[in-house]
Amino acid sequence: MDMKPNDLLVLLTVSRSAKFTTAAATLGLNHTTISRRIAALEKALGGRVLSRASGGWELTELGEEAVRVAEQVEDAVRSLGEPGRAPDPITGVVRMTATDGFSAYVAAPAVAKLRSRHPGLSVEIVTVTRQALQQRSGLDIEVVVGEPQVHRAQAFKLGDYELGMYASKDYLAEQGTPATVEELADHRLVYFVDSMLQVDDLDAPRRLVPTMKDGVSSTNVFVHVEATRASAGIGFLPCFMGDLHADLVRLLPETLSERLPYWMVLRPDSMRRPAVAAVVQALRDQTVVHEKALLGERDTQPASSRS
């Protein structure tokens, strides 16, 4: 077998981005060289290591085996660093996706704390609200709303969060405060674009108040918050976001609320990387720290809450 370690490292880089162009930029090579290196590796191994998938390349079973070896090569090269000093195993790039709110209020502070102790770590956070992917080449961690149905992946629950109806004080002063669910039919809803909503568990407001018509709709929860603050209507917001703003009032909390779970999904091989394992633990710890705020318990909001 005429296999070159450099070709393994090329495959490892492709596996982390799922794209030849991104891997080429990372390694300082061109697209043609990446393709040639992968072809040479496949010839040496006697089979395909990558297959086409939506959005990029997916590792085959042979490719997954090769990547495990490539990670060992990478670790060995890293261990030859500064003499007399043990290398920090928590280094390199970790890629994750999560919802807008979770990314800002849980993931960002968790990663910041972790990086203060491990400056060689880089974390890429892509914000998206969708179901867990069935193929996640190049992605280490997904945080999704609702229990995922996935294959060839590890999944576990992170924690719960609560959503409720909110309106600005100015809006209520002008439009009146609805005292019942039925009265909400006279107001406009600020929430996700119904036709683009990919997570069934997030259909609560249209299920709880089906007579309520849309006002401002967006795929971004920060737009929901700011549109609600600007009196565009009544927003169905995560409590850990709505409760941060003194100009917002929660409506009918005993009647109109929804508690949903955050789940984490990982590739089967991801936790073998110390950097991924460290990010996973940091996210779990930060979720516990913010548990009360996530559940809408106002009196335990973090000191950093903003008005």
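Would you say Thr180 is without any contact (Cβ under 8 Å) to a residue 60 or more places away in the chain and either among the β-branched types (Val, Ile, Thr) or touching a Pro at 6+ places or on another chain (Cβ under 8 Å) (or both)? In short, no.
Considering only the range 163-172, I want to know if a residue exists there that is within 17 Å of Gln131 (Cα to Cα) and part of a helix (DSSP H, G or I).
no
From the list Ser231, Ser270, the lone residue that is under 30 Å from Thr13 (Cβ atoms), polar (S, T, N, Q) and touching a residue at least 24 places away in the same chain (Cβ under 8 Å) is Ser270. For the range 99-122, does any single residue satisfy the condition of being more than 14 Å from Ile234 (Cα to Cα), at pLDDT below 90, crowded, with 19+ Cβ neighbours inside 10 Å and of a type in the set (Val, Ile, Thr)? No, that holds for no residue. Of all residues in the range 200-220, none satisfies being assigned to a helix (DSSP H, G or I) and polar (S, T, N, Q). Considering only residues that are without any contact (Cβ under 8 Å) to a residue 12 or more places away in the chain and among the small types (Gly, Ala, Ser), look in the range 59-79 and name the one that is farthest from Pro89 (Cα to Cα). Step by step, filter the range 59-79, then rank; the result is Ala76.
From the set of residues in the range 193-220 that are in contact (Cβ under 8 Å) with a residue 40 or more places away in the chain and either of a type in the set (Asp, Glu) or outside the structural domain of Met165 (by TED's automatic domain parsing) (or both), which is surrounded by the most Cβ atoms within 10 Å (Cβ to Cβ)? By that ranking, first place goes to Asp201. Whenever a residue of the range 1-18 is under 15 Å from Glu74 (Cα atoms), its partners that are of a type in the set (Ser, Thr, Tyr) and assigned to a helix (DSSP H, G or I), lying with C-beta atoms within less than 8 angstrom and at least six residues away or across chains, give the pairs Thr13/Thr26. The selection criterion, being surrounded by fewer than 17 Cβ atoms within 10 Å (Cβ to Cβ) and in contact (Cβ under 8 Å) with a residue 12 or more places away in the chain, does not hold for Asp186. Filtered by the rule that a residue be surrounded by 15 or more Cβ atoms within 10 Å (Cβ to Cβ) and outside any loop (DSSP other than H, G, I, E, B), the range 221-234 gives Val221, Val223, His224, Val225, Glu226, Ala227, Thr228, Arg229, Ile234.
For the range 245-273, the candidate set comprises residues that are among the aliphatic types (A, V, I, L, M) and surrounded by fewer than 19 Cβ atoms within 10 Å (Cβ to Cβ); within that set, the residue that is farthest from the chain's Cα centre (by Cα) is Leu252. The residue of the range 19-51 that is nearest to the chain's Cα centre (by Cα), among those that are part of a helix (DSSP H, G or I) and among the polar types (S, T, N, Q), is Thr22.
Criterion applied to Glu226, Glu162, Glu174 was being out of contact with any Asp or Glu (no Cβ under 8 Å at 6 or more places or on another chain) and in contact (Cβ under 8 Å) with a residue 40 or more places away in the chain, and the one residue passing it is Glu174.
The values are calculated or read from the model by the stated rules, or taken from the named source; none is laboratory data. Quick caveat: nothing in here was measured; it's all calculated off a predicted structure. A quick note on method: Cβ atoms are made from the backbone with ideal geometry, for glycine too, and the neighbour counts reach across all protein chains shown.
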